[in-house]
Amino acid sequence: MLTSRSTSPGRTELQTAAPTMNARAIAFYLPQFHPIPENSAWWGPGFTEWTNAAKARPLYRGHQQPHLPADLGFYDLRLPEARVAQAELAQAYGVEAFCYWHYWFGRGQRILERPFTEVLNSAEPGISFCLGWANQSWTGIWHAAADRVLREQTYPGPEDDQAHFDAVLPAFEDPRYLRVNGRPVFYVFRPEELPDARAFVDRWQAMARRAGLGGLCLVAEVSDLLGRGPRYDRIADDGFDAGVYVRLPARRSRADVLRMRLRRKLGGPEVYPYSTDAVLWDRVRADPRLQPSVYPNWDNTPRSGARGVVLDGSSPAGFAQNLGHAIDALGDRPAQERLLWIKSWNEWAEGNYLEPDLEHGRAWLETLREGLVAR
């Protein structure tokens, strides 16, 4: 949109006005694109998310693998230039914030913290951000060894909560931090695994008030990946401010499930057609406490091999339809609360990413921007 601005008598300068967005797009951001000693010890020298993504191969006729990056290349998140390039691209296509996955296993044990620590300390890039606590034990899922526990998630109690809060407080205080009605957003990946979710919420809200933040906007993931019912349904009872309804857009008709079972018997992955059915958003429309998440695609066979799950037939056009359903579900909510969560910015080994690839170029990003711009 072009608007005019008067600069001096008889002269008018044209400038581009930022378009109005009809939702606040937040993209989950995986920091596992740089080598760390733990991954090198577990999986071999130099292991990163690219290792599995690049070596993936098709597992059945018509299976699209590998998915390879285009514009940004095989970046290393230790490089500030890579992080800036990501942020500039995201902002150009309407992403308001990255939700960095944050790992705190208890008693100060952290992992993959370097990229976000450098973002925080360097004051760049300028894109907004929030933290998503990935409170789950690490297993051998990257090499199809889910039963192998690499780092256990623990919950030592109130003192550990205080240490955890103190560690992330500098992020909450950063002017770039994503806020809803003035309160920093903190996302909890597995609220059902908290020993006492209500006590967790009460403690963190009290610590935030004591720190002068006026409280937090605490968001719980409501995982219902294949539509069999949420793993967690106590948002209001436990005091969370909102929940993000996470469901794969998988079509699961009787025929689809029968085909999936046959493929599994033959040693293949679990495959479902990518769905654009509006029924997937019924829970979000019915409950103002729930916010939507949207997947461009899903294929975690680079991590899990034949034990993986694939959405077949995904495309920017299908993504556009699901974006439309999700944004419509937010339409009557206050502008500050229209949070739209994208799975994900860069989960290459799960096949859900917005970054440009060799197959579609920038089409995922272009689709997102077209869906976000208010008409």
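The values are calculated or read from the model by the stated rules, or taken from the named source; none is laboratory data. What you see is a predicted model; the values in this text were computed from it and never measured. Glycine also receives a Cβ, built like all others from the backbone with ideal geometry; neighbour counts cover every protein chain displayed. Accessible surface areas use protein heavy atoms only, side chains included; no ligands, DNA or RNA. Shrake-Rupley method; radii C 1.70, N 1.55, O 1.52, S 1.80 Å.
How much length is gained if the chain between Arg78 and Asp256 is pulled fully straight, taking 0.36 nm per residue apart and subtracting their Cα-Cα distance, in nm to one decimal?
Details: separation 178, 0.36 × 178 = 64.08 nm, distance 4.28 nm.
Answer, rounded to one decimal: 59.8 nm.
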**Asked** Got a number for carbon plus sulfur as a percent of the chain's accessible area, 1.4 Å probe?
**Response** 49 percent
**Asked** Hey, how many Å between the Cα centroid of the stretch 320-375 and the Cα centroid of the stretch 239-258?
**Response** 17 Å
**Request:** Report the normalised scattering of the stretch 244-375 as log10 I(q)/I(0) at q = 0.09, 0.22 Å⁻¹, calculated by the Debye formula with identical scatterers on the alpha carbons.
**Result:** -0.28, -1.33
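Could you calculate the contour length gain from Asp71 to Ala85, that is, 0.36 nm times the residue separation minus the distance between their Cα atoms, to one decimal place in nm? Before the final figure, lay out each step's value.
Values: separation 14, 0.36 × 14 = 5.04 nm, distance 0.96 nm.
Separation in residues times 0.36 nm, less the Cα-Cα distance, equals 4.1 nm.
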**Message:** Can you give me the distance in nm between label points at Arg307 and Glu159, each placed 7 Å from the Cα along the Cα-to-Cβ direction?
**Reply:** 3.7 nm
**Item:** Amide H contacts of Ser137 (H built 1.01 Å from N, under 5 Å, at least 5 apart or other chain)
**Value:** Gln153
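At 4 °C and 1.567 mPa s, what whole-number value in µm²/s does Stokes-Einstein give for the translational diffusion of the stretch 261-330, with Rh from the Kirkwood sum over Cα pairs? Present the calculation step by step, with values, prior to reporting the outcome.
Working: Rh = 13.4 Å.
Taking Rh from Cα pairs, D becomes 96 µm²/s.
Quick check: residue separation of Tyr60 and Asp328 times 0.36 nm, minus the Cα distance between them. What number comes out in nm? Let's see the in-between values first.
Details: separation 268, 0.36 × 268 = 96.48 nm, distance 3.59 nm.
Going from the current span to full extension adds 92.9 nm.
Over the stretch 48-111, average the accessible area per residue using a 1.4 Å probe and give it in Å², no decimals. Each step should come with its number before you reach the end.
Details: 2780 Å² over 64 residues.
Heavy-atom SASA per residue in the stretch 48-111 reads 43 Å².
Using only the Cα atoms of the stretch 175-261, construct the convex hull and provide its projected area averaged over every direction, in square nanometres to one decimal. Could you put the intermediate results ahead of the total?
Details: hull surface 30.0 nm².
Mean projected area for the stretch 175-261: 7.5 nm², to one decimal.
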**Asked** Around Gln291, which amide H atoms from residues at least 5 apart in sequence, or from another chain, sit under 5 Å from its own amide H, with H modelled in the peptide plane?
**Response** Gly243, Val244, Tyr245
**Message:** Residue by residue through the stretch 277-290, what is 3J(HN,Hα) from phi via Karplus (6.51 cos²θ - 1.76 cosθ + 1.60, θ = phi - 60°)? Round to whole Hz and write x for glycine and proline.
**Reply:** 5, 5, 4, 4, 9, 4, 4, 5, 5, 7, 10, x, 7, 8
**Fill in**
Given backbone amide H placed at 1.01 Å from N, residues whose amide H is under 5 Å from that of Val95, ignoring those fewer than 5 places away on the same chain, are none
**Message:** Let me check something: with ligands and nucleic acids excluded, how do Asp202, Asp256 order by accessible area (1.4 Å probe), largest to smallest?
**Reply:** Asp202, Asp256
**Prompt:** Measuring with a 1.4 Å probe in the full set of protein chains, what accessible area per residue, in whole Å², belongs to the stretch 233-357?
**Reply:** 39 Å²
**Prompt:** Once phi is turned into ³J(HN,Hα) by the Karplus curve 6.51 cos²θ - 1.76 cosθ + 1.60 with θ = phi - 60°, what whole-Hz value does each residue of the stretch 83-92 show in order, with x for glycine and proline?
**Reply:** 5, 5, 4, 4, 5, 5, 5, 4, 5, 5
**Residue list for the stretch 312-345, given a label point 7 angstrom along the Cα-to-Cβ vector of Asn181 and an amide N cut-off under 15 Å** = 333-339
**Asked** Residue by residue, what Karplus-based ³J(HN,Hα) values in Hz, rounded to whole numbers, does the stretch 231-239 have, using 6.51, -1.76 and 1.60 with θ = phi - 60° and x for Gly and Pro?
**Response** 6, 9, 9, 10, 3, 5, 4, 8, x
**Asked** Looking at the stretch 167-204, which trypsin sites (Lys or Arg not before Pro) are DSSP coil and have at most 14 other C-beta atoms within 10 Å of their C-beta?
**Response** none
**Fill in**
Counting only protein heavy atoms and rolling a 1.4 Å probe, one gets per residue an accessible area for the stretch 112-174 in Å² of 43 Å²
